[in-house]
1. Kindly provide the set of residues from segment 71-88 that are over 41 Å from the mean Cα position of the chain (by Cα), farther than 12 Å from residue 9 by Cα and surrounded by 23 or more Cβ atoms within 10 Å (Cβ to Cβ), ordered by number.
2. Within the group 273, 221, 245, 232, which residue is at pLDDT 85 or above and either among the aromatic types (Phe, Trp, Tyr) or open to solvent by 100 Å² or more (accessible area, probe 1.4 Å) (or both)?
Amino acid sequence: MTQTITAMYDTYPEATAAKAKLVALGIPEVGVRILSGSEAGTSSATTHEEGMWGSLKEFFMPEEDRHVHAEGLHRGGTMLTATVEDGYAERTYDILEEHGSIDMDEREASWRKDGWSGQATGAPAMAATTATSTESTGLHAASSTGNVAAHGTAQGTEYIPVVEERLNVGKRMVDSGRVRVRTYAAEKAVSENVTLRDETVHVDRRVVDRAVTPGDMALFEDKVIEATEMREQAVVSKEARVVGEVGIRKEASDRVETVTDKVRHTEVEVTDERGNVERTGTAGIATGTVPHKPL
């Protein structure tokens with residue numbers, strides 16, 4: 001459950017400081033509204049063709065309290081309303097009082113002492129009412145159910161949208177890794193054993209003692225004997241051969257992945273003045289009766 005808490009301030013900066021504190025507490029900014037009676041502090045969001053009285057029709061409060069707050073706005077005050085969850089209510093009251101909210105009972109008594117009749121300036125004639133909800137602190141609270149009822153009475157039928165999120169799952173291609181093959185030249189030291197032949201020339205001398213034969217008649221002629229030494233050397237050559245291949249290929253396969261997430265939807269709770277409660281949502285409709293609590 002939520003409730004709407006209303007406070008009145010003498011100055012616009014006091015109201016804006018209280019709003020900033022409430023937003024910092026965690027209350028959504030759209031749930032905190034400021035209505036200023038001075039032109040300097042009135043923004044386009046709080047300007048209405050019907051004037052201050054027409055603006056106050058949007059807030060659920062007894063007509064007597066509405067006249068009091070309208071008179072406060074007419075005298076230059078600033079009104080702040082905050083729609084908060086029940087868990088934030090006490091802290092909201094404290095923050096509004098910390099920033100100087102007006103004690104509307106005392107202020108109303110002062111106005112009446114000065115001759116105020118209880119009728120807000122520019123407002124229609126006040127009908128008789130027995131309801132009063134302005135506490136000694138000057139803060140007014142209304143439940144969310146009462147707020148809806150006031151809207152229906154003052155402005156006709158209004159509708160609250162019922163929203164449901166749906167999960168849509170699509171597909172997209174993403175880069176999951178890259179494979180690259182590169183070739184480059186590298187050197188390494190190798191060795192091979194080879195057998196080489198070397199020739200060596202030797203001069204041999206031997207002692208001979210024999211008679212000259214007819215075949216030795218040319219002994220006294222010049223004669224030359226030659227021999228050439230030979231040596232084998234290693235000859236190196238290189239031959240390139242293809243010894244392997246490296247390639248890249250891709251294979252595609254399908255997989256099933258379960259996507260889990262949370263979706264939101266709005267539940268609707270309708271409470272009439274007899275205490276009957278009806279809750280509806282995507283899960284169905286549930287009805288029941290709860291004890292009626294006066295606002």
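The values are calculated or read from the model by the stated rules, or taken from the named source; none is laboratory data. Quantities reported herein were computed from a predicted structural model and do not represent experimental measurements. Because the Cβ atoms are built from the backbone with ideal geometry, glycine has one as well, and the counts that use them run over all protein chains shown. Each accessible area value is taken on the protein alone, full model and side chains, heavy atoms only, with ligands, DNA and RNA left out. Shrake-Rupley method; radii C 1.70, N 1.55, O 1.52, S 1.80 Å.
1. 71
2. Just a single option satisfies the conditions, and that option is 245.
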